[in-house]
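Throughout, read-outs are computed from the coordinates displayed, never taken from laboratory work. Quick caveat, the model's predicted, so the values are computed rather than measured. Here the Cβ positions follow ideal geometry from the backbone for every residue, glycine too, while neighbour counts run over all protein chains shown.
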Amino acid sequence: KSLFFFFTASPTSPFFSFYLFFFFFTLDTFLFLRTLRSTESHLFFDPSSSWFMSSKEKPTLGGTRIKTRKRNIAAPLDPAAFSDAVVQIYLDNAGDLELVAKSVESSDLNFSRYGDILFEVVFIGGRTQTGSVKSDEGERHPYSVIDCEPKREAILPSVVYIQKILRRKPFLIKNLENVTRRFLQSLELFEENERKKLAIFTALTFSQKLSGLPPETVFQPLLKDNLVAKGIVLTFVTDFFKEYLVENSLEDLIAILRRGKMEDKLLDFLPPVRRTAESFAEHFTNEGLTDLVEYHAKKMFEVKLKEIKTVLTSKVTEECSVDEVIETVKQLVKDAKLPEIEVVRVVWDGLMDAVQWSGKNQQQNANSVLRQVKTWAPLLNTFCSSGKLELELMYKVQIQCYEDAKLMKVFPEVVRSLYELDVLAEDTILHWFRKGTNSKGRQTFVKSLEPFVNWLEEAEEEE
């Protein structure tokens, strides 16, 4: 096309110069491509370039072989062989747990895979049958926890032995938890003597502070209905408590129960037909655990007080009638068998908890307290039936005003209001003023109450 336009165009045509330039450019390009193709110069022709495609095959290395990865090849489970190997270590060392621990540490057994079986061998001398606590077919040794005497001296070496293993192989603690939980859930499958050995062992694990074994692993599995109903759990925890308290205090035991979320559920260990505070006290008193009985009585007392306080606060907040609240509190007090002094204290606390406090306005707080006292004076009057109880109410008001900064200045007004509403007698106020024994803020409150006391004394003289 360039040649055609070049030869047909007139020299005087305005496009003649353009056609001439295009002709020579086309000619040069044709010659360049022809030279490039004939020489196949590597300087200009790069087979690896994305502009060109090479038909030659890529070179390969000879003598190579692709190997199959082994990470997906799983060895078959063989728990029987592992169990027999551990049992053989016991037998070779004649039950000497010091030597057994060293042999276990130096062995190349797969503990991460068969950790549960290791502790089954420790507890019952061999591998357990599926769904049972009895030993399966295979080797068995006579040095297990179950085969020991039900005494502290006989079982303690096994606890120390496990502690050594866990220090060197801490990942096994999860396996110990699994086996312990499974055995405790199956206590009914053990003989009575064997259950006692497990209770002593469990107590020693906490007494020796066996690393990592959480209390909930021990106590929560025990609360199976069938175990509790048969009395198996009560016998187990009794042996546990007695053994643990040999070297530890009651506070330590309570700390374990608290961590195991059983501090407030001790009655749950008793069979349903005996689940009363009286039965609890009788059983553990006969077992010599009087300190535990006293603690439980105190704990139950606090729970009952908290219940009365919660119910009272709720009904006051809901603005129930005074008569309804009085009857409700009377019934709760009767059921709980609480001392009268404690009732006065909890009634005052319940009323104050129902007050809507202001963050900064002290006058508003004072008005709220006085309004609460005026509204619920009949309730206070019902339970302040003697001079001793009235004095206890004054002490309670004194303590709250001392501990709560926003009520420091409202003390004399509260006392005066209680007097005017016939909750506090004149003699009670004068006795507190002259011979009060509670020292919390006493000097400040005596000084603030002095004008009112002077008024009472003058009125008495006039009468």
Grab the other residues whose beta carbon is less than 15 angstrom from that of Ala255, score K and R as +1, D and E as -1, and report the net. -2
Please compare each pair in Lys209/Lys242; Lys374/Lys435; Lys169/Lys209 to a cut-off of 20 Å on the Cα-Cα distance and tell me which ones are over it. Lys374/Lys435
Could you state the orientation-averaged shadow area of the convex hull built on the Cα atoms of region 79-262, in nm² to one decimal? 9.7 nm²
Dimensions (Å) - region 343-462, Cα atoms, principal axes, largest first: 42, 29, 26
Can you tally the net charge around Cys401? Count Lys and Arg as +1, Asp and Glu as -1, for every other residue whose Cβ sits under 13 Å from the Cβ of Cys401. +2
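Which net charge results for the neighbourhood of Glu149, defined as the other residues with beta-carbon distances under 11 angstrom from its beta-carbon, given Lys and Arg at +1 and Asp and Glu at -1? Walk me through the numbers on the way to the answer.
Working: positive: Lys151, Arg152, Lys196, Lys197; negative: Asp147, Glu153.
Net of charged neighbours comes to +2.
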Any of Lys224/Lys309; Lys299/Lys388; Lys197/Lys265; Lys261/Lys406; Lys196/Lys334; Lys174/Lys261 with alpha carbons more than 30 Å apart? Name them for me. Lys224/Lys309; Lys261/Lys406; Lys196/Lys334
